[in-house]
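Visitor: Got a structure for you, questions after.
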Amino acid sequence: MSNTTIITITVVVALDREIQLITLFNFLIQIASQSLDCILWIVGSIGSIGTCIVFYQPVFRKSPCAIYFIASSISQIFVFNSATFIRMIQYGYGVPVNSLPEWFCKTRYYIFYVFAATARYNIIFAAADRFFCSSHSVRFRRWSSPKIALYLIIIATIFWLLFYIQVLISFGVTNDKCRILVVNVMKYFSFFITAENGFFPIIPMLFFGLLTIRNIHQSKQRVSPTEILERNQILTNGRISRKDIQFHKMLANQIIIYLILNVPYPVYTIYRTYLGVSSLSGSRALIDTFMNNIFYDMIYLGYALTFINFISTSGLFRQELKQIIQRKILKRCRRHNIPTI
């Protein structure tokens, strides 16, 4: 067998393998988007709305932690409908979203980064609030108030709206992909997202979480007469109120979910930057798209699990949800089903 024949066979085999990989990952991307993204979009959107409704009830409404959860859930609604939904129709149903005007590419990523950040930092604010609320120092407890919560939410929203204006400037469409056009800017942005989204939030979450646990343990060891605290929060025999304990549990689970599901994406972003994703083609480009979508879906999954976390963790949350369903939904259905005489 001549060398030319061997080379020809090798090329044909390599080409056949490349075609198989392209077919496989096109299929995987489509199925993942049609199924996983669809489920995350539906469950996440309904869950975020449900979270807002439950925490707006009188039993929760005046709690600063509930206000942070409402603000975070509102941000999540924007994330699900500006990112998850668009990825679903783009990769799952072949809608050419990158063929739309470039402002659409810039706007959807701007909305995603802004509201993903506000959702994230409202959870950090909630963690800080739990520390202040559980503190035995009156000075610290004053920092846990609805007024301060509203101020912080507004300030954080304005800050991220201004900060991520760079997305509107640096993003564009190239090779049917919406991404940062300048390589050096892409490297800077990748490092920043890794720190801001992946690693930096871990520090205050763990810091305030551990301090809150310490405060709770100290409160259980204290034996003191009933003390009526500001904001009608009651500390009886050195114990934190049942509602606050449930807030602590909900927040602790939310932090754990964040740590598990949010960190992989920024790490992969750095890898993509050094890999030179813009130069990839064929099956390698599709593999990168598939992996990138999976890591994005992990972020969306973290948000979608919020409502499920609250239901599974808090009996008070379940009770309020049950009452809302009975009063607002089932009662109206019965009223409409009553036959008129």
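The values are calculated or read from the model by the stated rules, or taken from the named source; none is laboratory data. Please read all numbers here as calculations on a predicted model, not as lab measurements. Note: ideal-geometry Cβ built from the backbone for every residue, glycine included; neighbour counts use all protein chains shown. Calculation scope for accessible area: heavy atoms of the full protein, side chains included, ligands and nucleic acids excluded. Shrake-Rupley method; radii C 1.70, N 1.55, O 1.52, S 1.80 Å.
Visitor: Name every residue in segment 184-205 that is over 17 Å from W160 (Cβ atoms) and open to solvent by 80 Å² or more (accessible area, probe 1.4 Å), in order of residue number.
Guide: N184, Y188, F191, F199, I203
Visitor: Another question about this same structure. Quick check on R179: is it basic (K, R) and assigned to a helix (DSSP H, G or I)? I'd like the intermediate steps shown before the answer.
Guide: Details: basic (K, R): yes; assigned to a helix (DSSP H, G or I): no.
Spelling it out, it is not the case that R179 is basic (K, R) and assigned to a helix (DSSP H, G or I).
Visitor: Spot the failing condition for T212; the list is (1) under 24 Å from T313 (Cβ atoms); (2) β-branched (V, I, T); (3) open to solvent by 70 Å² or more (accessible area, probe 1.4 Å); (4) modelled with pLDDT of 80 or more, and only one is missed.
Guide: Going through the list (1) under 24 Å from T313 (Cβ atoms); (2) β-branched (V, I, T); (3) open to solvent by 70 Å² or more (accessible area, probe 1.4 Å); (4) modelled with pLDDT of 80 or more, T212 breaks only (3).
Visitor: From V95, V114, which residue is of a type in the set (A, V, I, L, M, F, W, C) and surrounded by fewer than 18 Cβ atoms within 10 Å (Cβ to Cβ)?
Guide: Every option except V95 fails the conditions.
Visitor: Also, quick follow-up: Could you check segment 98-116 and list, in sequence order, the residues that are of a type in the set (A, V, I, L, M, F, W, C) and either part of a loop (DSSP other than H, G, I, E, B) or touching a Phe, Trp or Tyr at 6+ places or on another chain (Cβ under 7 Å) (or both)?
Guide: Filtering segment 98-116 for residues of a type in the set (A, V, I, L, M, F, W, C) gives 100, 103-105, 111-112, 114-116.
Answer for segment 98-116, where residues must be of a type in the set (A, V, I, L, M, F, W, C) and either part of a loop (DSSP other than H, G, I, E, B) or touching a Phe, Trp or Tyr at 6+ places or on another chain (Cβ under 7 Å) (or both): L100, C105, I111, V114, F115.
Visitor: Looking at segment 117-151 only, could you name the residues that are touching an Asp or Glu at 6+ places or on another chain (Cβ under 9 Å), assigned to a helix (DSSP H, G or I) and buried (at least 20 other Cβ atoms within 10 Å of the Cβ)?
Guide: Of the residues in segment 117-151, the ones touching an Asp or Glu at 6+ places or on another chain (Cβ under 9 Å) are 117, 120, 130, 133-134, 138, 141-145, 148-149.
Then drop every residue that is not assigned to a helix (DSSP H, G or I), which leaves 117, 120, 130, 133-134, 138, 141, 148-149.
The answer is A117, R120, R130, C133, S134, A149.
Visitor: Another question, if that's okay. From the list I154, I180, which residue is free of Cβ contacts under 8 Å to residues at least 12 places away in the same chain, buried (at least 20 other Cβ atoms within 10 Å of the Cβ) and among the hydrophobic types (A, V, I, L, M, F, W, C)?
Guide: Working: I154 fails: buried (at least 20 other Cβ atoms within 10 Å of the Cβ).
Testing whether each residue is free of Cβ contacts under 8 Å to residues at least 12 places away in the same chain, buried (at least 20 other Cβ atoms within 10 Å of the Cβ) and among the hydrophobic types (A, V, I, L, M, F, W, C) leaves just I180.
Visitor: Separate question: Please work out which residue is farthest from R142 (Cα to Cα), limiting yourself to segment 35-71 and to residues that are part of a helix (DSSP H, G or I) and of a type in the set (D, E, K, R).
Guide: Kept after step one, since they are part of a helix (DSSP H, G or I), are these residues of segment 35-71: 35-55, 58-61, 64-71.
From the residues that got through so far, the ones that are of a type in the set (D, E, K, R) too are 37, 61.
Numbers: D37: 42, R61: 18 Å.
Looking at residues that are part of a helix (DSSP H, G or I) and of a type in the set (D, E, K, R), I get D37.
Visitor: Something else: Give the residues of segment 308-318 that are within 15 Å of Y258 (Cβ to Cβ) and modelled with pLDDT of 90 or more, sorted by residue number.
Guide: Restricting attention to segment 308-318, the residues satisfying the condition of being within 15 Å of Y258 (Cβ to Cβ) are 308-310, 313.
I308, N309, F310, listed by residue number.
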